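Comments concern the structure below.
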Amino acid sequence: MKMARTEPRSLRQYIGPAERFLFDRDASARIPDLVCGTVLGGRIGELAGRSVLVATGGQLTTALVLIELDGVARRLTILPPDADPDHFAAIVAGADIDAVVVDRSSATSAAFDVPLRVICAREIAAAAQLPVPSRETEWVMLTSGTTGVPKMVVHTLVGLTAAFRGRQPDDAVVWGTFYDIRRYGGLQIFLRAVLGGVSLVLAGAGEPMADHLDRLARHGVTHLLGTPTHWRRALMSPAIKNISPRYVRLSGEIADQTILDSLHNAFPSAVVSHAYASTEAGVAFEVRDGLAGFPAELVERSRDGVEMKVLQGSLRIRSPRAASRYIGNETALVDQDGFIDTGDMVEPRGNRYVFAGRRGGIINIGGLKVHPEEVEAVINRHPQVRMSLVRSRHSPITGSIVIADVVLKSADAAAHGELGEVKGDILKLCRETLPRHKVPAAISFVPALDVAATGKLARRYG
Amino acid sequence: MSVKLTIMHQMEQIAREHGKILAPLCDDLVLLDSGLDSLGFAVLVARLEDKLGVDPFTASEDALFPVTFGDFVKVYENGAH
């Protein structure tokens, strides 16, 4: 496999002729077939130059569409699997989307008001003529925002592949990922597999862990990515014994010492590596010494052009791998010196930094961000609630979990022994309005909440 | 209520709240086959901490999550005493 020494123009230049596959739960695609083939039927020409929303239901079709349309479409916006249909109109308008690609498992194909809708096939069909990649496509990834409407983060293929481009290819590698390739951490592994000329095993929607592990074993996966939450779940499965990766990667959440130790015990000869990345700042670093946190020497010393500093307790990153901007959002991505404030709070401990939570109380549950204000707004709609504070509690399963402290308008409910009923009503309201991971696991009634000098609720990070 | 019954009751409650179907809870049931997903178990551990006053997985250094329902109950029985 020839590796480009120069910057990649498009994904298409990496797809032939090495024999390799993309696998998902019940289908596979031979990647070199895309050299003269397509999953977009005769419609690919119509997508050239457009701003395309990739809204496929399965990851295999997402992967194939991304390979086909990079360098062809003007802009590719990747819809994450849990995107809220209430936000579709804002996404379409914000990213100036004029075409959508769906597949037969997209639950949402009718929900997009766009001039062009293309249904992609699961199988690659021979194509007489394919458009030649001729432009640098903008890649847009979505990440959750305070108000619930996702922020749209603009990347280029050059930035997205900067962390691993130019590495010596290793044909013996087979990649697997628990992490969805429609999120930044998973997308990294998809791109690594494509540029590295190797196969990739994807997760099926709702696939039981034991089945997924069996498939990873059958395809001989050597390199495997998951969030700490994915890995904790995998370690609960007896089928974990069937796989023997030599490279185990964690990203998307803070890796604690317990999960690093557990993975080292499960795979004694594997390299266990935790990567720090964010949708905005890109991959900043990878830690391979088996310890939580990261060596202090990574800060203020540029590596591969990635610079980090700690200011007011939070990690700041200036990097060629970072996004270039937000679409349709007034917030500047970088400060005047070009650094992105990650919002991740770090504390020095000996010769390392350890992660201490997120500023603004943002909660990371298995790789999904929760803004407390969004949950509080729902709780506060209950007629008996005066105010509420949503915060994180440590979870040995998902890293964190959402809990809520609630102040009621009057003590009457307590006096009448109706607290259980009110709690049930609040939870019901949350369940009806919010995605599952945002619903509080526990609600406590408190007499008052701390208000800071600014007049805002006092939030601690962590 | 015994530790085991408390756990069973909470698992049933969470399965109902999350719209999941819970498998019959026998000791050798593999937890991943119980019908609860990671979020369900995270909620379970949080609620059990409120009910039983202990999160044995966070409290212990050697905190490997158990594979079967019986092992899970044992961790709490040992933790609660």
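Rule-based calculations on the coordinates, nothing more; no lab input. What you are looking at is a predicted structure, and each value in this text was computed from that prediction instead of being measured. Neighbour counts are summed over all protein chains in view; Cβ atoms, including those assigned to glycine, are modelled from backbone coordinates with ideal geometry.
See the values below:
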{"quantity": "Rounded to whole Hz, the Karplus (6.51, -1.76, 1.60) HN-Hα couplings of the stretch A:282-291, x for glycine and proline", "calculated": "x, 6, 9, 7, 10, 10, 10, 8, x, 10"}
{"quantity": "Local electrostatic count, residue A:56, Cβ distance below 13 Å [Lys/Arg +1, Asp/Glu -1]", "calculated": "0"}
{"quantity": "Segment residue A:324-residue A:381, length gained on full extension (0.36 nm per residue, minus Cα span)", "calculated": "16.8 nm"}
{"quantity": "10 Å Cβ neighbours from other chains, averaged over peptide A:435-443", "calculated": "4"}
{"quantity": "Cα-projected label distance for residue A:207 with residue B:28, points at 7 Å along beta-carbon direction, nm", "calculated": "2.8"}
{"quantity": "For residues of A:226-237, the mean tally of beta carbons on other chains within 10 Å", "calculated": "3"}
{"quantity": "Vicinal HN-Hα couplings computed from phi for the stretch A:428-439 (Karplus, 6.51 cos²θ - 1.76 cosθ + 1.60; Hz; Gly/Pro x)", "calculated": "5, 4, 5, 5, 6, 10, 10, x, 3, 5, 8, 6"}
{"quantity": "Chain A - percent relative contact order, Cα under 8 Å, separation 6 or more", "calculated": "11"}
{"quantity": "Using θ = phi - 60° and Karplus 6.51 cos²θ - 1.76 cosθ + 1.60, couplings along the stretch A:195-210 (whole Hz; Gly, Pro as x)", "calculated": "5, x, x, 10, 7, 9, 9, 9, 7, x, 5, x, 6, x, 4, 4"}
{"quantity": "Distant-in-sequence amide H partners of residue A:446 (H built 1.01 Å from N, under 5 Å)", "calculated": "A:406, A:407, A:408"}
{"quantity": "Length released on extending from residue A:168 to residue A:136, taking residue separation times 0.36 nm less the Cα-Cα span", "calculated": "9.1 nm"}
{"quantity": "Taking B:71, A:180 and counting other C-beta atoms within 10 Å, the order from fewest to most", "calculated": "B:71, A:180"}
{"quantity": "Pair residue A:18, residue A:425: separation of 7 Å Cα→Cβ label points (nm)", "calculated": "6.1"}
{"quantity": "Length-normalised contact order of the stretch A:354-430 in % [C-alpha pairs under 8 Å, at least 6 apart]", "calculated": "27"}
{"quantity": "Separation of the residue A:126 and residue A:449 label points, Cα + 7 Å toward Cβ, nm", "calculated": "6.5"}
{"quantity": "Percentage relative contact order, the stretch A:196-349, counting C-alpha pairs under 8 Å, at least six apart", "calculated": "15"}
{"quantity": "Pairwise Lys count, the protein assembly as shown - Cα closer than 16 Å, eight or more residues apart or different chains", "calculated": "9"}
{"quantity": "Förster radius 60 Å - calculated FRET efficiency between residue A:296 and residue A:43 (Cβ-Cβ, nearest 0.05)", "calculated": "0.70"}
{"quantity": "Most positive-pole-ward Cα, A:399, A:362, A:378, against dipole of the stretch A:362-445 from beta carbon charges", "calculated": "A:399"}
